[in-house]
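First the structure, in the form of structure tokens, and then the observations on it.
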Amino acid sequence: MNLLQRIFRRRDLYSDLAEEMREHLEEKAEQFVREGMRREEAEHAARRAFGNAALMEERGRQTWQWPRIENLLRDLSFSARLLRRSPGFAIVAILTLTLGVGANTAVFSLLNALLLRPLPVPDAHQLVLLRIEPTSFHYSFSLPLFRELEKHHEVFSSVFAFTGHRFQIRGRKGNETVLGGFVSGRFFEALGTPPERGRYLTPDDNRKGANENAAVISDDFWKTRFNGDPGIIGRKTMLDGVPFTVVGVMPASFIGADANSHTQIYVPVITEPLVNAPYNMTEGGYHSWWLRVAARLKPGISMAQANALLRSISGPTFKEAIPDPKWTLNGAKPESMYFAAEPGAAGYSFLRIHYRDPLLLTFALCAVVLLLACINLASLLLARATLRQREIATRLAIGATRRRLIQQLLIDSLLLTLLGTAAGLAVAPLVSRALVAMLVHGQSFLYLDTSIDWRVFLFAAIAAVLSTMLIGLLPAWQATAGDLNQHMKDGSQAARGERRKVLPKILLATEVALAMVLVSGAGLLSTSLMRLYRSGLGFDPRGVLLADLDMEKQALDGEPLVRLYRDLADRFAHQPGVSSVSLSGVTPLSGSSWTGDLHLPGGVDREMYESRVAPDYFRSMRISMLAGRDFTWSDTPGSGLKVILNEAAAKILFPSGDAVGKQVRETDEDKKKENVYEVVAVVGDTKYTALRDAIPPMAYFAVTQATEKKPSYTAILRVSGSLSGQAAPLAASLRRIVAEVAPEIPTPSFSNLEGQVDDSIAAERVMALLAVFFAVSALLVTAIGLYGVLSYSAARRTSEIGIRMALGAERGQVISLVFCENAWIAAAGSALGLLVAVLASRALKTFLYGTSPRDPWVMTLSLAALCLIAAVASLIPAIRAASVDPMKALRTE
């Protein structure tokens, strides 16, 4: 008989044993009857001959029992019955734990996806990411630098490079964009995942003169674009107008080395000039920083050894790859730079770089919420345990050990924790997906896998165990401590004993203090977010629709391309609801930037942020024109080069007077000449790269005078009225116009400028929203704790309150008496929380904008909100206690 049968068929086994014992007794009695005894004498004789049947039956049962399992099941059953008797308490406790565990698990899922989840490749722990220090381009490498690093195999079994690229392909509905990437020859070899079909790319495919342009595709691309054609190997496909031959299909689990993108197509780095035309990052040499570089460590090589080698080869490698001794990168010279390695098991992650610190802070806030929830439940269980004092004392009196009672009380906590954790795990994926949607909003090519894996389950299990200990250990220890006779007492004497206990008061004060920390933190982050929004954009994002136009693969260039842009802008402007249209190379707060140097004749270079714009740009963006005129379509290269400066740039270049009509110069290093520009206007200052940054000096150049090859611009459409109701029909009209005027280009992607501004502060917005949610939750949990504990305390003092009222106490006096129990606790907790909040606010300093970590208004309002919630939560049970009938109260003794 197996274990499960013994556990779950116990009652059947016990019945069978009892029946067998009865049959033996009956047989013995029948034997005595046949020997001449009367029936009654025979039954007594059978029992005497058989012995103690009850004892024998009990011993028989013990052979089928596991005491620990039996006790556990009995305790679980008893705890479940207790919860069913108190549905209100059970619901509050489970929801409180769901909040704490669910929030922590959701944020941990994000951290797991960003920091812990390894790439699905063999021996991912051997992978390392390389970076360059000390620069802001940590993970960007030029091709010459990679070629030099590729030669070093002292500690690396292979070094490989990769970067993303958006391929234009011909789809069923016209030109479409597909996410792909350039990879070096040892990319697939280093990752170690064999292809599903065919072969992967090798160093031979990355050499000049290769027989064909080879491409490897993903399993998803193979199935969706080629319908899973079994003859896919050797098939031709056009990527950006260049023919490629499919040589392999990777398995569905393979995602490459970039954890935030599901690359569909992989092509050799050597094909970049063909695919990326008219641009050529390869020819740019050490001026083009576009590759990510990673490596696989040799077995037995540590990270310290790898970094030691990289430091030793940094100087010679930079010298070999960058022969120009005057060259600098953001002011840093090559001789001051060095290579460093970091763990690369999780691959490269754009989101990790931007959101690691905000998510760690959010996780810390989540941990405080879980701790607050546990303290709240511990306080409620302490108060609830007072109602079970007589039961616990009775158990102790009849022989139960304290250890056994503590175990049973901990099972109560365990059952609550299991239910709360299960509910938390159920809601965590929904919360994590919502957080991901906020983080990657507007960036359709970004991906983050937050699915639950063993690390998330392990985290939830650890959280459950810790929660059980925090929730149940102190109440269990307190409930079983003290004098047995005192526990047997009931009424006012026991209630006075409860009031003298310090532990519940400490827990409540701690709960209030933690709530104060969360509320003040939420106040600081939300105040910072509001000040970011009010910091002054310099333009009006409301009612602006953006349409990205990709012109790289169509045939026109120069003046014919300008005429195409003008035709598109004119047709866009005639659409219903459109008040103005323009074009821009870089839109504000898009995450992209363009910098250059301007100088006066004989002066020094001044670095400027730059953008190319079309006529009506400043009207469409509602940027104030302070002096001069806007660009016109007649500002051609033959009419003289024109530039518009913002106020900050004008003050830098012309601090003593009017800039309009003056000349500025720019050195064209490619053509080895100086371009002379006439300043035709000065416009208002705007934010450009980030809301947090100071107003930068800006120079605007005309799209009609562009020297770049086949430039791509973003169309900017100012819509009259609200954009929400007009965006969809307007986008459909624009797609139709683009298909008619420029059928060779991909369908434009649309966004709105207001959303782009929001996306630029996604991390700040997510932190502020979560902090406010946690603060509201903390206030609610604290209110429940104060209300619940005071309600239990007032219930224990019912007879005392009845005596006071019978002796003439006024209702107001009773309310004050009960209310003051919590008032002192809330006051002490608020004062402690304020002190801790002031000290802890320093950790928020780097996340705040225009807000002091010790902002007195925020701290005062946070304290006022907490005191108000505490007062309401304490006043309700005080009023209820004062409404008791003295005669009924006296009968409760």
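What share of Cα pairs, in percent, lie more than 50 angstrom apart in the chain? For the chain, the fraction of Cα-Cα distances above 50 Å is 41 percent. Pull up the cross-link candidates among the aspartates and glutamates for Lys662, meaning alpha carbon to alpha carbon under 14 Å and not fewer than 8 places away within one chain. The qualifying aspartates and glutamates are Glu678. Averaged per residue, region 159-210 has 47 square angstrom of accessible surface, using a 1.4 angstrom probe with ligands and nucleic acids left out. Solvent-accessible area per residue in region 364-456 equals 42 Å², computed with a 1.4 angstrom probe and all protein chains kept. The apolar share of the surface of the chain, taken as the fraction of accessible area on carbon and sulfur atoms (1.4 Å probe, ligands and nucleic acids excluded), comes to 58 percent.
Of the cross-linked pairs Lys236/Lys298; Lys208/Lys710; Lys151/Lys333, those separated by over 31 Å at the C-alpha level are Lys236/Lys298. For the chain, the longest principal axis of the C-alpha atoms and the axis of helix 503-533 are separated by about 20°. Computed about its Cα centre, the charge dipole of the chain is approximately 2760 debye, with only Lys, Arg, Asp and Glu carrying charge at their Cβ. What separates the Cα centres of region 251-300 and region 789-854 is a distance of 60 Å. With a simple spin-label model that places each label point 7 Å from the Cα along the Cα-to-Cβ direction, the separation between Ser302 and Ala806 comes to 7.8 nm. For region 638-775, the solvent-accessible area of protein heavy atoms averages 41 Å² per residue (probe radius 1.4 Å; ligands and nucleic acids excluded).
The values are calculated or read from the model by the stated rules, or taken from the named source; none is laboratory data. Note that the coordinates shown come from a computational prediction; the quantities given were computed from them, not determined experimentally. Positions of Cβ are backbone-derived with ideal geometry, glycine not excepted, and every protein chain shown enters the neighbour counts. Note: accessible area is taken over every heavy atom of the protein model, side chains too, but ligands, DNA and RNA are not part of it. Shrake-Rupley method; radii C 1.70, N 1.55, O 1.52, S 1.80 Å.
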